[in-house]
Amino acid sequence: MTGRLYGVGLGPGDPELVTVKAARVIGAADVVAYHSARHGRSIARGIAQQYLRAGQLEEHLVYPVTTEVADHPGGYSGAMEDFYRESAERIAAHLEAGRDVALLAEGDPLFYSSYMHMHTRLTQRFGAVIIPGVTSVSAASAAIGTPLVQGEEVLSILPGTLPVDELTRRLADADAAVVMKLGRTYPRVLEALSAAGRLQDTFYVERASTDGQRVLPAEDVDGSTVPYFSLVMMPGGHAPAAQNGTVAVVGLGPGDIQWMTPQSRRELAAATDLIGYGPYLDRIPASAGQVRHPSDNTDEAARARLACTLAEQGRAVAVVSSGDPGVFAMATAVLEEAKQWPGVPVRVIPAMTAAQAVASRIGAPLGHDYAVISLSDRLKPWDIIETRLRAAAAADLVLAIYNPASKTRRWQVGAMRDLLLEHREPGTPVVLGRDVGGPTEAVTVVRLDELDPEVVDMRTMVIVGSSQTQWYTDSAGADRVFTPRNYPQES
């Protein structure tokens, strides 16, 4: 009968944070195994020492290298592969002899732990039981005495070995974050925190829960003295907030909450006041203390005026737009109004456009040059729209048509179709995307000469192909539309 492997989590360093179950398993095991560097001092054994009993066998697994430089023919990776293979065979010999083995791991065995290398090699032949441990993340959070995450905030756990650009992006997007695997990576982690604008929010915690514990502001730490057993913590609730007395015009994207950017979410969370069309505000989760100012979808100037008025009173205002705020949306109205309010700064927060969303659902109809035109003649006369449609059609541009129709504007789509047929083949594909990203999403493709104005409303985005746009049915029976990036050369 073979023995059983136990992956025993010891917690972050304080022997009193070893769980009752872990202590019992360590004391009962026939063999206790642990890792150390070549100096031979095992942190894991030191934590577990008081739980060991006389007569137990010990397997001391000594890493052959502690940096990524090795004399091994296979380099660092080859040296470590041989080490884990040989270590697994040493433990396997005990298990085959019927001995239970407690393989010790600092923190939790399945959380950035060397135990995992043994687990994947040994569990193909032997049964294993994992004894979870208190992680260094929990210990460090207790050390700084600050909630790590609250409410619906999301915690990101990141290795400091990531490239600086990738680490910067993830930190900028995070509600709260912990960066592990420090040591020599610390200068790069500081660079990423600074670039993400999060350095002042971050704590450095070294050897959490032990007698050597240190807690400092991350920016005050000498990077040359940072040990591997340390981490940085960026607690939630400290996302960069809009300063009082500002207006942010925030894009919500086309409808699917997954398309809203982290920057937009942070701006909305930081605002004291939200202004916008009622259904757009309904897409934003309620936040305690925020004041909402819903309105209908007509008087943009009044919304812009209210935003500037509130900002002048010291409020942090977010004006919301569906899609991108700079594309037929609120950014223009706010900036125009803000000319009369010199003390009110305005920021525009970009987002995915409706044209991008609809195009993605059907393929790549915007793969080449295209023009974006609004069919609404509420703010510009129809003769201007007609002139621009003719120019874009004559230039053989794909057309992304916003605001094609409403309850009171019904004839413009038909007029556009007839005008475009003077320049396009009747079979030109026309994509109709309605409520894309919303609960009633529908995307269809029709021929230009069969475009029915009655199926188009204000929630529909229309994309009209060029002479080069192609339309086919894929193997699953779905319509696919794309415009090649190359264009035929004139002979």
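The values are calculated or read from the model by the stated rules, or taken from the named source; none is laboratory data. Model, not experiment: these values are computed from the prediction. As a convention, Cβ positions derive from the backbone with ideal geometry for all residues, glycine included, and neighbour counts pool all protein chains shown. Ligands, DNA and RNA are stripped out before the accessible areas are found, and what is left, the full protein with its side chains, is counted by its heavy atoms. Shrake-Rupley method; radii C 1.70, N 1.55, O 1.52, S 1.80 Å.
Numbers at a glance
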read-out	value
In Å², nearest 10: area of MET352 left accessible to a 1.4 Å probe	60
Virtual paramagnetic centre 7 Å along Cα→Cβ of GLU441, amide N under 16 Å, in the stretch 339-378	352-365
Accessible area per residue in Å² at 1.4 Å probe, computed on the chain	49
Rounded accessible area of LEU310 (nearest 10 Å², 1.4 Å probe)	20
Cα-based reach from LYS380 at 29 Å (exclusive), listing lysines while leaving out same-chain residues under 8 positions away	LYS339, LYS407
FRET efficiency, ARG485 to GLU16 (Cβ-Cβ, R0 51 Å, nearest 0.05)	0.20
Candidate residues SER230, SER467: accessible-area rank, largest first, probe 1.4 Å	SER467, SER230
Accessible surface ranking that places the most exposed of ASP30, ASP282, ASP324 first, with a 1.4 angstrom probe	ASP282, ASP30, ASP324
Full-stretch length increase - ASP299, ALA28 - with 0.36 nm per residue and alpha-carbon distance subtracted	90.0 nm
Selection of GluC sites (Glu not before Pro), the stretch 435-491, meeting DSSP coil and at most 13 other Cβ within 10 Å	GLU490
Gain in span if fully extended, ASP256 to ARG361, counting 0.36 nm per residue against the direct Cα distance	36.5 nm
Separation between Cα centres of the stretch 339-367 and the stretch 80-151, rounded to whole Å	47
³J(HN,Hα) computed for each position of the stretch 196-202 - Karplus, 6.51 cos²θ - 1.76 cosθ + 1.60, integer Hz, glycine/proline x	7, x, 10, 4, 5, 8, 10
With every protein chain in place, the stretch 246-352: carbon and sulfur % of accessible area (1.4 Å)	54
Loop sites in the stretch 7-62: trypsin sites (Lys or Arg not before Pro), DSSP, at most 15 other Cβ within 10 Å	ARG38, ARG41, ARG53
Spin-label model distance (nm) - ARG390 vs GLN313, 7 Å beyond Cα toward Cβ	5.0
Long-range HN-HN contacts of VAL319 with modeled amide H, under 5 Å	ALA248, VAL249, VAL250, ILE275
GluC sites (Glu not before Pro) within the stretch 101-164, DSSP loop, no more than 13 other Cβ atoms inside 10 Å	GLU152
